[in-house]
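Trainee: Please find one structure pasted underneath; my questions will follow.
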Amino acid sequence: MRVELDNLSKEWDGVVGADRITLDIADGDLVAFLGPSGCGKTTTLLMVAGIYKPSGGTIKFDGDVVNEVAPKDRGIGMVFQSYALYPHMTVFGNISYPLRIQKVNKTEIKERVQKVADMMGIGNLLDRKIVQLSGGQQQRVSLGRALVKEPQLLLFDEPLSNLDARLRLTMRGEIKRLQEEMGITSIYVTHDQVEAMTMADKIAVMSNGILQAYDVPTDLYEHPKTVFVAGFVGNPPMNFYDVEISSSNGDFYAKSDAIDLRLPAERGEKAAAAAKGKVVMGVRPEDIYLVDDATPAVEGRTLSATVEVVEPLGREDLLGVTIKDVDMRVLVDKTKGATVGDSAQFIFDLANVQFFDPESEQSLLWS
C-alpha cells in the first residue's frame, strides 16, 4: 500500500500537534517517524490510523482519500508500546480476537493463528495465559495479533520501549525480517535513532510538530539539512561551534577564539559563499582523533585541549574535552589510555564537516 500525507495537520485549542506534514511512503517500505517526545510523531501515526481526525490536509491510501474512513475499514494493523493484550485470554485468544470479530470461520482462524504464531516463534505457547509470558513473548503476541488480520499497512507506536537492551536488539531484527518477507508497508514511531537508522528504508525526522527532513538513513547522517537533524541523528551527538569562515591564498579557514582549522576546499568554498558573518560548524565525535605516534598532528587540522571527562563505552572511550571554554566530545580507542586532566592534541578529520546558518539553522551545504 502506498501512503501519501499532504499538508496533514492536527491542532487542539491552539496547540499544534502536527504542522502540515507532507510525505510519500512507497509500497512495501518501512518508514520511521523519529523525534523526541512531543514532536508530533505519534499524533501523525494516529491520524493515519483514523484514531485522530486531522484538522487539515489529506491522507491517501493507494491514491484514495481516507480521512473519513473508519479505522476498522482502513486495512491496518497496530502494535502498541503497552502491548494492549487481554490478560484473561490465552495467546490463541489474543491473536485470534480480530478474526473472531470479523466472524471468520473456526477452521480458518485456527490455521491463520498457527501460521502467524509459528512465524513469531511462539507456536508452542498458544495455550498459555498472557501473565505466563515474558516481555519479549508478549510483544510477539501483540505483533502476531496485528499480522493475523493480513493488513495492508502496519503501524508501530514505540513497540520496543518496554524491553531490555538485548531483547530490543533481537526484536528489531525480527520485525524488520518479517516486514521485508511479507512486504507490508509499515510506519514505525520511535525516539531511538539507532532503531530508526537500522530498521527504516526512510526516516521522517520531526520536531515541534514540523517535519525537519525525510530521507534515507545514510543521507540524513551524511547530509543533514538542519541543525536539529545533525544533532539528533548520530550517537554521540555532533559537536557544534560558532565560527567565522575566512579565506587566504586559496585556502579556507574556520576561526573563533578557540578554533583555527583549515577546511576542505569544496566545503570551505560553499560555506564562505553562503555565510553572512558567523556560521555554526558541526563535527562528529568520531571525526576527531587523539594525536599519537599512529596518528600524527597535521598543520591546520590540530588543536590542543584538556580532557575533563572520560566515559568508558567498551571498545571506545567518550572524552569530554575543552578548548578555551569550548566543550567538545571525542570518541577514541580505549587503548589510548586518556585520563582526566590530560593536555593533549586532537586532529580534526574535516571531510564530513557541516555548516549551518545560525538564524535559520538550515544547512549551508545541502539545499
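The values are calculated or read from the model by the stated rules, or taken from the named source; none is laboratory data. What you see is a predicted model, and the numbers here were worked out from it, not measured in a lab. FYI the Cβ positions are ideal-geometry reconstructions off the backbone, even for glycines, and counts take in every protein chain you see.
Trainee: Since V148 meets every condition but one in (1) under 30 Å from F61 (Cα atoms); (2) modelled with pLDDT under 90, which condition does it not meet?
Mentor: So V148 meets the others, but not (2).
Here is a yes/no grid of residues against (1) on the phi < 0 side of the Ramachandran plot; (2) over 32 Å from the mean Cα position of the chain (by Cα):
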| residue | (1), (2) |
| --- | --- |
| T58 | yes, no |
| D64 | yes, no |
| G75 | no, no |
| Q102 | yes, yes |
| T107 | yes, yes |
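Trainee: Give all pairs with beta carbons closer than 6 Å in which a residue from the range 202-214 that is among the hydrophobic types (A, V, I, L, M, F, W, C) and surrounded by fewer than 19 Cβ atoms within 10 Å (Cβ to Cβ) meets a residue that is assigned to a strand (DSSP E or B) and modelled with pLDDT of 95 or more; count only pairs at least 6 apart in sequence or on separate chains.
Mentor: I210/D19
Trainee: Could you check the range 349-364 and list, in sequence order, the residues that are surrounded by 17 or more Cβ atoms within 10 Å (Cβ to Cβ) and free of Cβ contacts under 8 Å to residues at least 60 places away in the same chain?
Mentor: none
Trainee: Could you say which residue among N94, N7, N67 is without any contact (Cβ under 8 Å) to a residue 60 or more places away in the chain and within 29 Å of Y221 (Cα to Cα)? Spell out the reasoning first.
Mentor: Values: N94 fails: within 29 Å of Y221 (Cα to Cα); N67 fails: within 29 Å of Y221 (Cα to Cα).
The match here is N7.
Trainee: A further question on this structure: Considering (1) at pLDDT below 95; (2) touching a Phe, Trp or Tyr at 6+ places or on another chain (Cβ under 9 Å); (3) among the aliphatic types (A, V, I, L, M), say which one V69 fails and leave the rest.
Mentor: Every condition holds for V69 apart from (1).
Trainee: Can you tell me which residue within the range 65-94, out of those that are under 19 Å from I51 (Cα atoms) and among the small types (G, A, S), is surrounded by the fewest Cβ atoms within 10 Å (Cβ to Cβ)?
Mentor: A70
Trainee: Tell me, yes or no, whether the range 303-316 has at least one residue that is within 15 Å of D257 (Cα to Cα), polar (S, T, N, Q) and out of contact with any Asp or Glu (no Cβ under 6 Å at 6 or more places or on another chain).
Mentor: yes
Trainee: Here are some conditions: (1) within 22 Å of V229 (Cβ to Cβ); (2) in contact with a strand residue (DSSP E or B) (Cβ under 9 Å, 6 or more places away or on another chain). V309 meets all but one. Which one does it not meet?
Mentor: All conditions pass for V309, except number (1).
Trainee: Among the residues of the range 124-131, is any buried (at least 17 other Cβ atoms within 10 Å of the Cβ) and closer than 30 Å to I59 by Cβ?
Mentor: Step one: filter the range 124-131 for residues buried (at least 17 other Cβ atoms within 10 Å of the Cβ), giving 125-126, 130.
Of the ones still in play, those that are also closer than 30 Å to I59 by Cβ are none.
No, that holds for no residue.
Trainee: Where in the range 218-310 are there strands (runs of 3 or more DSSP E), lying fully within it, with 1 or more residues that are within 21 Å of W366 (Cα to Cα) and either basic (K, R) or touching a His at 6+ places or on another chain (Cβ under 9 Å) (or both)?
Mentor: The qualifying strands (runs of 3 or more DSSP E) are 260-263, 278-283.
Trainee: So in the range 241-298, with the set limited to residues that are free of Cβ contacts under 8 Å to residues at least 24 places away in the same chain and of a type in the set (A, V, I, L, M, F, W, C), which one is farthest from L331 (Cα to Cα)?
Mentor: A273
Trainee: Going residue by residue through the range 297-319, is there one that turns out to be modelled with pLDDT of 90 or more, under 25 Å from the mean Cα position of the chain (by Cα), among the small types (G, A, S) and buried (at least 17 other Cβ atoms within 10 Å of the Cβ)?
Mentor: no
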